[in-house]
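Inspection log for the structure reproduced underneath, given as structure tokens.
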Amino acid sequence: MDIVREDIDALNAVLRIKVGPEDYKDKVEKTLTDYRKKANIPGFRKGKIPMGVIKKQYGRPVLAEELNKVINDSLYDFINKNELNILGNPLPKEDEEVKGDWDNPSDFEFTYEIGLSPDFNLSLNAKSKYNYYKVKVDKKLVDQQIDDIRKRYGKLIPEEKVGETDMILGQFVELDESGAIKEGGIMNSSTISMEFVEDKKVQKELLGKKVGDVVVLDPANVSKGESDMAAMLGVKTEDLAGISNKFNFTINEVKSMEPAELNEEFFQKIYPEGDVKTEAEMRAKVEEDLGKMFAQDSERILSRDVSEDLIEKTKMEFPDAFLKRWILASSNEDVTMEMIEGDYDNYTTGLKWQLIQNKIFKDNEIKIESEEIIQFTKGLLVNQYAQYGLPAPEEAELTASAQKVLENRDEANRIYEMMSGDKLLKFFKETVKLNEKEISYDEFVKIASGEKK
């Protein structure tokens, strides 16, 4: 076995693999011998078939299979020993045929193309400066949160007519173009929340209406997006395209939300631990909880900003032609080169970030050990139990449950990504200079959604 590397340029290379009979002959003979024992060929007794017949029928495919195994093992052994940072997997060179005689096998030569990972530098150090946004948890925000909690634990009160924040229970009936009830059209009972009706004209139309009144309206004007509208009408989202924009809405009930009172019973229900007994203590608790919640969002925004900045500023070239061919060859879905070309920028952006992350981990000796993954998974399970008000199981059972979760490849990958994100965030916070900026909640929401920085 002999492998020779020929560099085409900094990102592309060719590996020429020379294989002799000594590399494959014994394996082929052994496999054919096994075939002879098991094969069923008319006219011959099982196990007594002449080897010449076996070779004629199975020789070529067995040779191809064994050569493929030998070449595959040798390729990756060569890549690992020479510490080649490749992208994707080696591909047979398109414009070169295999050299060798398949009918009279002796020496063979195979040629593979490889794409090499680019060399690059990262401009991330103590001089790098990033904003670290913190929400100013003011009285207005605390008041709003307490109002939301009170409504969540409040009760609905019947009303005579529709108010600005009421819920309207009624029936939607689809109309045709003439305004008559559409034959075979949609008929569904649902609820309209006045708080979420943004169209001023529709608000005016509904305000003051009473039980039994009928209003003609477009469901799109009283819902929050397509999925909400589909649920409101009792249909699938994909069926919305064919429906009318005019419906009769008959009001059956009008109810307002009476918020829960701030009393001992309410505090005990919200905070069963018993550490909140007064409105002042609740306000302090809500302020603390909001701070913790926004802190997680602040760190997520920091990670996003640093990663986007690194992707934008890090100069990196790829073996484009090779990568496109590899994507086409390795895809499990029906894709065309035209589809790959259209999405190639997104692919290389993801690849670029993966290489940046790998470099950060390697250069700074950041590792994720097996025991860490087990402990992290156990923590996730404990939190799940807590959400349902259940105590965590004993240590041995918890460890076994964590190991079971990690047997699922998708779950294991998800957990690994979470841990990688946590370690990257820790590295960013220890490496760069943070400029803390306290901003309003509304500004924070815009930044978190990517509207502005």
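The values are calculated or read from the model by the stated rules, or taken from the named source; none is laboratory data. Keep in mind that this is a model prediction, so the values were computed, not measured. Note that each Cβ is placed from the backbone with ideal geometry, even for glycine, and that neighbours are counted across all protein chains shown.
Here are the numbers for this structure:
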| item | result |
| --- | --- |
| Checking residue 221 against (1) of a type outside the set (A, V, I, L, M, F, W, C); (2) in contact with a strand residue (DSSP E or B) (Cβ under 6 Å, 6 or more places away or on another chain); (3) farther than 27 Å from residue 136 by Cα, the condition it does not meet | (2) |
| Filter result for the condition that a residue is under 24 Å from residue 225 (Cβ atoms) and outside the structural domain of residue 239 (by TED's automatic domain parsing), over 143, 138, 148, 166 | 148 |
| Breaking point among (1) without any contact (Cβ under 8 Å) to a residue 12 or more places away in the chain; (2) surrounded by 13 or more Cβ atoms within 10 Å (Cβ to Cβ); (3) more than 14 Å from residue 191 (Cα to Cα), for residue 282 | (1) |
| Sole exception among (1) among the acidic types (Asp, Glu); (2) within 21 Å of residue 120 (Cα to Cα); (3) modelled with pLDDT under 95 for residue 320, by number | (3) |
| The stretch 90-131 - residue that is more than 17 Å from residue 314 (Cβ to Cβ), at pLDDT 95 or above and of a type in the set (S, T, N, Q) and, of those, surrounded by the fewest Cβ atoms within 10 Å (Cβ to Cβ) | 131 |
| Residues being acidic (Asp, Glu), without any contact (Cβ under 8 Å) to a residue 24 or more places away in the chain and under 17 Å from residue 280 (Cβ atoms) - total across the stretch 139-156 | 1 |
| Failed item in (1) surrounded by 13 or more Cβ atoms within 10 Å (Cβ to Cβ); (2) of a type in the set (S, T, N, Q); (3) touching an Asp or Glu at 6+ places or on another chain (Cβ under 6 Å), with residue 245 passing the rest | (1) |
| Breaking point among (1) at positive phi; (2) part of a helix (DSSP H, G or I), for residue 361 | (1) |
| Qualifying residue in the stretch 31-49 (condition: closer than 30 Å to residue 96 by Cα, of a type in the set (Lys, Arg), out of contact with any Pro (no Cβ under 9 Å at 6 or more places or on another chain) and surrounded by fewer than 16 Cβ atoms within 10 Å (Cβ to Cβ)) | no |
